Amino acid sequence: MKKTLFLMAAAALTLAACNRISDNSRDFSSMAITVEPILTRATETNFEAGDAIGLTVSREAGVYADNAKLTFDGSAFKGELTWYAEGADVATFAAYYPYSATKPATFTVQADQSAGLSASDFISCVKEDVVPTPGTVTMNFKHRLARLALQVTNNYGAAIDAFTVKGAIPTAIIADDLTATVDETADAANIKAFKNGDSWYAILPAQTVALTIAATAGDVTLEQRLASATLAPGKSYIANVVVNPDDLQVVISGEIDGWDNGGELEPGGDEPVQFEENLEEGYFTYDNVRYNIVKLDDNRYWMAQPLAFVPKGKTVSSDPAEDSGIWFTMKPNDDGTAVVPATDASNGYLYNTPTALGVEITAENYNTLEGVQGICPDGWHIPTRAEFIALVGSSVKGANDAAAITDDTAAYFDSAYNGGKITTLDADGFNYAFTGVRLKGSNTATGSYNTLSITSAQSTVDAYQGKARMNYMISSTGNSATATNFQFFGLMSTFTNTYPEGRLNVSFNNYLNGCEVRCVRNK
């Protein structure tokens, strides 16, 4: 019995060997190349009909097919590409998804992934020693980027409209072997997540990054920064997110089928916030947000746009009655008759003085905080009253002054305006932002937005009309203290028929007001 089985097996092996020899001598050039994928997609179980890959077939003699398009029919990828005639020649198959008419050297995930992940899920496979066959070529595709899956417990009391993953670089460099490496020269972006059931997903290139998770419900956004971590290609990280009425809690761990377990990420601690500076090209990146900077005629480097940094433990609010410490800026309404809260950080945020300076304000310290770094990046600080005066040349009389201050040697002093003129500063790149103000006159008052807008009677500059009329920038110089209030100096704008191009001078600013922050570089 054993001998009979052995002879039968030997005969079968001989027949198989003969078939292989016969196949290798056949001409397959009339047969189409088909690829059967093995893969678990980002949130689906496989490829979908209509998905397309780019396939490159290389032999020792050279490239046989370069970026040929094959389309999935529900079971395999097929197209017009046929085999080469030399049935014994081995080849290397290199395939990637999603297909591009030009084989990609870089790949950028979509900033808005809310409609689905497919266009952002770069996957690929390289298979060697492939020979022509009448059957399919099986290829084991792998995810080349990283994925974040947010599993949400909503205690907020209203539906969550969106989750955004902030601070990640969205672009990867694609190597010859179709692996992906983050492009360190690219700017970070905000990635809007895709909702599938009770979970939200986002795909991003593998990288070392301190992400921020933001939940948006109506006009309220809650955020939490995570500790810096290295996200690996093909790895998935689950974030168990608890959304409470006043904060966001994120705990990340676990694994998801179809992706390798990426381990655990931790909530953000006290590690330094990311900061890189490029004076030559006129920008810095801070907490993965890029800001333009400009060197003005006072010989100082200033931010050329408002700060949009959210310190740990703080939440941005659109309700000025909330003492959140950070509020959305103001923007024109549809008809330009008033200004209303914005819903994003495109024009920075408004901060009260304790948040901007990073300390609780007391009677003992309010006049000792000049030049503090506050929420500015390393090497930069909250401007002082003197630095604002050196810029615009005018200040109201302070508590310790004999009279108001005028400095006609200041970099942008205009005698007709008795201060700086916005159009003149903007001509040098200051880029005045019209962020508006949240007003609160004392500890016991209720905060409110100033909703007045600039009219044609107050400004002859068309671009200014309809924008916020009252604007302040915070300084770190204290002026006076009472039992219910601390007063600091700030840079204030004025628009009247006397100052149609916008006057800037240093005035008083209540420490609980919400105002724009422009950091200035240390000398």
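The values are calculated or read from the model by the stated rules, or taken from the named source; none is laboratory data. Bear in mind the structure is a predicted one, so any value in this text is a computation, not a measurement. Neighbour counts are summed over all protein chains in view; Cβ atoms, including those assigned to glycine, are modelled from backbone coordinates with ideal geometry. What goes into the accessible areas is simple: the full protein's heavy atoms, side chains included, and nothing from ligands, DNA or RNA. Shrake-Rupley method; radii C 1.70, N 1.55, O 1.52, S 1.80 Å.
Brief remarks on what is shown
- Note on Asp89 and Asn292: their simple-model spin labels are 5.5 nm apart, each label 7 Å out from Cα toward Cβ.
- Gain on full stretching of the segment that runs from Asn299 to Lys523 - 0.36 nm per residue minus C-alpha separation: 79.7 nm
- Where both bridge residues fall in the chain, DSSP classifies roughly 85% of the beta bridges as antiparallel.
- Solvent-accessible area of Met470 with every protein chain in place, 1.4 Å probe, in Å² to the nearest 10: 60
- Gyration tensor (alpha-carbon) shape descriptor, the range 273-371, a/c threshold 1.5: oblate
- Around Ile173: net Lys/Arg minus Asp/Glu count, Cβ-Cβ under 14 Å: -2
- Global geometry of the chain, whether rounded, prolate or oblate, following the gyration tensor of its Cα atoms and the 1.5 cut on a/c: prolate
- FRET efficiency for the Ala105 to Lys78 pair, using the beta carbon distance and R₀ = 22 Å, is estimated at 0.25.
- Alpha carbon centroid spacing (whole Å) that separates the range 80-143 from the range 396-458: 59
- Rounded percent of accessible protein surface that carbon and sulfur make up, the chain, 1.4 Å probe: 48
- Using the Cβ-Cβ distance between Ala227 and Thr406 with R0 set to 51 Å, the FRET efficiency works out to roughly 0.55.
- In the complete set of protein chains, residue-level accessible area for Met473 is approximately 0 Å², probe 1.4 angstrom.
- The accessible-area ordering, largest first, of the residues Ser317, Ser100 stands as Ser100, Ser317, per a 1.4 angstrom probe.
- In the chain, helical runs assigned H by DSSP with n ≥ 4 each contribute -39500 (n - 2.57); averaged across all residues and rounded to the nearest 500, the mean residue ellipticity at 222 nm is -2500 deg cm²/dmol.
- Between Ala49 and Asp428, residue separation times 0.36 nm minus the direct Cα-Cα distance comes to 130.9 nm.
- Taking every protein chain into account, the accessible area of the chain amounts to 44 square angstrom per residue (probe 1.4 Å).
- Anisotropy class of the range 477-523 from Cα gyration tensor, a/c 1.5 cut: oblate
- Cross-linked pairs Lys195/Lys331; Lys166/Lys314; Lys192/Lys331; Lys331/Lys421; Lys421/Lys523: Cα-Cα separations exceed 18 Å for Lys195/Lys331; Lys192/Lys331; Lys331/Lys421; Lys421/Lys523.
- Here r is the Cβ-Cβ distance between Thr153 and Thr482 and R0 is 60 Å; the resulting FRET efficiency, rounded to 0.05, is 0.85.
- Gained length - Glu281 relative to Lys195, 0.36 nm times residue gap less alpha-carbon distance: 27.1 nm
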